[in-house]
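Trainee: Below is the structure I would like to discuss, written out as structure tokens.
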Amino acid sequence: MNTSPTHLTLLVLLLAVIALFCTLAGAAAGLLARIDGATYATALLRGAVAFAGSATLSLALLTFILAAL
């Protein structure tokens with residue numbers, strides 16, 4: 001499989017965008033849980049679950065798109 005440097009660069013940039021999106025989703029979920037009155041541990045757990053869920057969904061979508069090309 002010959003992949004050009006352009007494709008690899010685009011893939012790395014997409015993975016960076018996915019990581020940023022998932023981090024923001026996790027932070028927002030944790031912050032909203034804390035504002036709602038959850039303890040720090042519960043808010044951290046909710047943020048981690050949101051991060052993991054959005055990462056799983058984003059990577060599955062990226063895999064589907066790359067397989068379709």
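The values are calculated or read from the model by the stated rules, or taken from the named source; none is laboratory data. Please read all numbers here as calculations on a predicted model, not as lab measurements. Note: ideal-geometry Cβ built from the backbone for every residue, glycine included; neighbour counts use all protein chains shown. Heavy atoms of the whole protein, side chains included, go into the accessibility calculation; ligands, DNA and RNA do not. Shrake-Rupley method; radii C 1.70, N 1.55, O 1.52, S 1.80 Å.
Trainee: What are the pairs, 6+ residues apart or on separate chains, where a residue within the stretch 47-63 that is without any contact (Cβ under 8 Å) to a residue 60 or more places away in the chain and in a helix (DSSP H, G or I) has its Cβ under 6 Å from a residue that is crowded, with 17+ Cβ neighbours inside 10 Å and among the β-branched types (Val, Ile, Thr)?
Mentor: Once the first residue is without any contact (Cβ under 8 Å) to a residue 60 or more places away in the chain and in a helix (DSSP H, G or I) and sits in the stretch 47-63, its partners that are crowded, with 17+ Cβ neighbours inside 10 Å and among the β-branched types (Val, Ile, Thr) give Ser58/Ile18.
Trainee: Could you list all residues from the stretch 1-20 that are within 21 Å of Leu69 (Cβ to Cβ), out of contact with any Leu (no Cβ under 9 Å at 6 or more places or on another chain) and assigned to a helix (DSSP H, G or I)?
Mentor: Taking the stretch 1-20 first, the residues within 21 Å of Leu69 (Cβ to Cβ) are 1-18.
Within this subset, residues satisfying the condition of being out of contact with any Leu (no Cβ under 9 Å at 6 or more places or on another chain) are 1-2, 4-10, 12-13, 16-17.
Listed by number, the residues that qualify are Pro5, Thr6, His7, Leu8, Thr9, Leu10, Val12, Leu13, Ala16, Val17.
Trainee: Which members of the stretch 10-32 meet the condition of being open to solvent by 80 Å² or more (accessible area, probe 1.4 Å) and among the polar types (S, T, N, Q)?
Mentor: Initial filter on the stretch 10-32 (open to solvent by 80 Å² or more (accessible area, probe 1.4 Å)): 10, 12-13, 17, 20-21, 24, 31-32.
Correct list: empty.
Trainee: Here's another thing I want to ask about it. For the stretch 33-45, how many residues are in a helix (DSSP H, G or I) and either open to solvent by less than 100 Å² (accessible area, probe 1.4 Å) or free of Cβ contacts under 8 Å to residues at least 12 places away in the same chain (or both)? Working first, answer last.
Mentor: First, pick out the residues of the stretch 33-45 that are in a helix (DSSP H, G or I): 33-35, 40-45.
If we keep only those that are either open to solvent by less than 100 Å² (accessible area, probe 1.4 Å) or free of Cβ contacts under 8 Å to residues at least 12 places away in the same chain (or both) as well, we get 33-35, 40-43, 45.
Residues that pass the stated criteria total 8.
Trainee: Right, here's the next one. Which of the residues spanning the stretch 45-69 are out of contact with any Phe, Trp or Tyr (no Cβ under 8 Å at 6 or more places or on another chain) and within 19 Å of Leu32 (Cβ to Cβ)? Steps first, please.
Mentor: Residues of the stretch 45-69 out of contact with any Phe, Trp or Tyr (no Cβ under 8 Å at 6 or more places or on another chain): 45-53, 55-57, 59-69.
If the condition is that a residue be out of contact with any Phe, Trp or Tyr (no Cβ under 8 Å at 6 or more places or on another chain) and within 19 Å of Leu32 (Cβ to Cβ), then Leu45, Arg46, Gly47, Ala48, Val49, Ala50, Phe51, Ala52, Gly53, Ala55, Leu57 are the ones that fit.
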